[in-house]
Amino acid sequence: MATTRSFRFGLNSNFDNHATSREEWVNKARRAEELGYSTFSASDHFPVPLSPLIALMAVADATQTLRIGTIVLDNDFRHPALLAKEAATLDLLSNGRFEMGIGAGWLRSEYEQVGIPFDAPGVRIRRLEEGVQVIKALWTEESVTFSGAHYTIANLQGTPQPLQRPHPPILIGGGGKRLLSLAGRVADIVSFIPRMGEAGPDITDSTEAALQEKLAWVREAAGEHFPQLELNLQMAGVAVTSDRISAAQAIAKAQGIQVDPELLLSTPYVLIGTVEQIIERLYTLREHYGINYFVVPLTQMDELSPVVARLAGV
């Protein structure tokens, strides 16, 4: 029988990872650590102000126990051999606190801005799979030789080695079957989101029924490995309130989507209600789906903090 994992909570700085000084940036991280959050993550987009891996080293240096992560690095932006080196360095210098989220890329506009070909989803996902193979090999083997459709490595030694063994946790997430199946096969943490388009998340793919289907894809792909996976939800919004309808309308407006507030209240990707209602919702998500790890926007760190104080580590 699978063991129930303890709740843990993370923050995603995403487009909020701007700061006018080191002090401003690390104070956010120190606040997250004080409030009991498990991880502080940065995203990987060219329009985002801070470079994720460098910014996360500053976070690690300013904190003691807070884990650092990426949600998520775009595999197409770096050669996997370079990324393996940078990530291992970050894990070593953070005393083993790094979680590497990595994905296949999805935002066509930034590919076009920097002149990177935006290949078909299947090509990007297959390239991601090869990239993860290369990274894992460089983290765990003395010398790596690899020949694939997208990458070729010849007798390369991975240095430094990461502190976490056999390697830092790898997070892969998405909304479609191909990417989630890959996550089930090769990741340590599987992250669920609705399908994404240039206009943002597909609200019709944000239901509990859709989440059940996504979970089934992961379970099938993972096979006997499934009980070892940690399951994660990327939350679109949080509101601690007794006026759930008004809060749902405000989140929909902030996300730029037209949606019935009742539908938004039913989606697993938002947490709206009193502290007790949100706690009950999180217990339900863990009991029904095995999801124990919830990441919210950095801007809502304080909003969720009463829940984090009650549930983190439980």
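The values are calculated or read from the model by the stated rules, or taken from the named source; none is laboratory data. Just so you know, these numbers come straight off a predicted model, no measurement behind them. Because the Cβ atoms are built from the backbone with ideal geometry, glycine has one as well, and the counts that use them run over all protein chains shown.
Please go through the range 209-246 and give me each residue that is among the polar types (S, T, N, Q) and closer than 19 Å to PRO261 by Cα, ordered by number.
Initially, the range 209-246 is screened for residues among the polar types (S, T, N, Q), giving 212, 228, 232, 234, 241-242, 246.
Scanning the range 209-246 gives THR241, SER242, SER246.
Can you confirm whether the range 3-14 contains a residue that is at pLDDT below 95, outside any helix (DSSP H, G or I), of a type in the set (Gly, Ala, Ser) and surrounded by 22 or more Cβ atoms within 10 Å (Cβ to Cβ)? Scanning the range 3-14, I find at least one residue that is at pLDDT below 95, outside any helix (DSSP H, G or I), of a type in the set (Gly, Ala, Ser) and surrounded by 22 or more Cβ atoms within 10 Å (Cβ to Cβ), so the answer is yes.
If the condition is being exposed (fewer than 15 other Cβ atoms within 10 Å of the Cβ) and under 20 Å from the mean Cα position of the chain (by Cα), then the range 263-314 contributes ASP302, GLY313.
Screening ALA236, ALA252, ALA210 for residues that are more than 23 Å from PHE98 (Cβ to Cβ) and touching a strand residue (DSSP E or B) at 6+ places or on another chain (Cβ under 7 Å) leaves exactly one candidate, ALA236.
Pairing each residue of the range 1-25 that is farther than 22 Å from GLU280 by Cβ and aromatic (Phe, Trp, Tyr) with any residue that is assigned to a helix (DSSP H, G or I) and at pLDDT 80 or above, provided the two are 6+ apart or on different chains, yields C-beta distances under 8 Å for TRP25/ALA55; TRP25/ALA58; TRP25/VAL59.
Say whether the condition of being in contact (Cβ under 8 Å) with a residue 40 or more places away in the chain, of a type outside the set (Ser, Thr, Tyr) and assigned to a loop (DSSP other than H, G, I, E, B) is met by at least one residue in the range 57-66. No, the range 57-66 contains no residue that is in contact (Cβ under 8 Å) with a residue 40 or more places away in the chain, of a type outside the set (Ser, Thr, Tyr) and assigned to a loop (DSSP other than H, G, I, E, B).
A Cβ distance below 6 Å, combined with a sequence gap of six or more or placement on separate chains, defines the contacts here; from the range 203-216, residues that are surrounded by 12 or more Cβ atoms within 10 Å (Cβ to Cβ) reach residues that are among the basic types (Lys, Arg) in the pairs ASP205/ARG195. With a requirement of 3 or more residues that are aliphatic (A, V, I, L, M), the strands (runs of 3 or more DSSP E) lying completely within the range 172-286 that satisfy it span 237-240, 270-273.
Of all residues assigned to the range 95-109, at least one qualifies as being in contact (Cβ under 8 Å) with a residue 24 or more places away in the chain, among the aliphatic types (A, V, I, L, M), more than 17 Å from LYS136 (Cα to Cα) and not in a helix (DSSP H, G or I).
Inside the range 15-53, can you point out the residues that are in a helix (DSSP H, G or I) and either under 19 Å from GLU110 (Cβ atoms) or in contact with a strand residue (DSSP E or B) (Cβ under 6 Å, 6 or more places away or on another chain) (or both)? Those that are in a helix (DSSP H, G or I) and either under 19 Å from GLU110 (Cβ atoms) or in contact with a strand residue (DSSP E or B) (Cβ under 6 Å, 6 or more places away or on another chain) (or both): PHE15, ASP16, ALA29, ALA32, PRO52, LEU53. Once the range 42-52 is narrowed to residues that are touching a helix residue (DSSP H, G or I) at 6+ places or on another chain (Cβ under 8 Å) and under 18 Å from ASN75 (Cβ atoms), the residue that is modelled with the lowest pLDDT is VAL48.
For the range 124-169, filtering for residues that are assigned to a helix (DSSP H, G or I) and either surrounded by fewer than 16 Cβ atoms within 10 Å (Cβ to Cβ) or among the acidic types (Asp, Glu) (or both) leaves 3. Sub-8 Å Cβ pairs linking a first residue in the range 162-173 that is in contact (Cβ under 8 Å) with a residue 12 or more places away in the chain and on the phi > 0 side of the Ramachandran plot to a second residue that is among the small types (Gly, Ala, Ser) and outside any loop (DSSP other than H, G, I, E, B), at least 6 apart or interchain, number zero.
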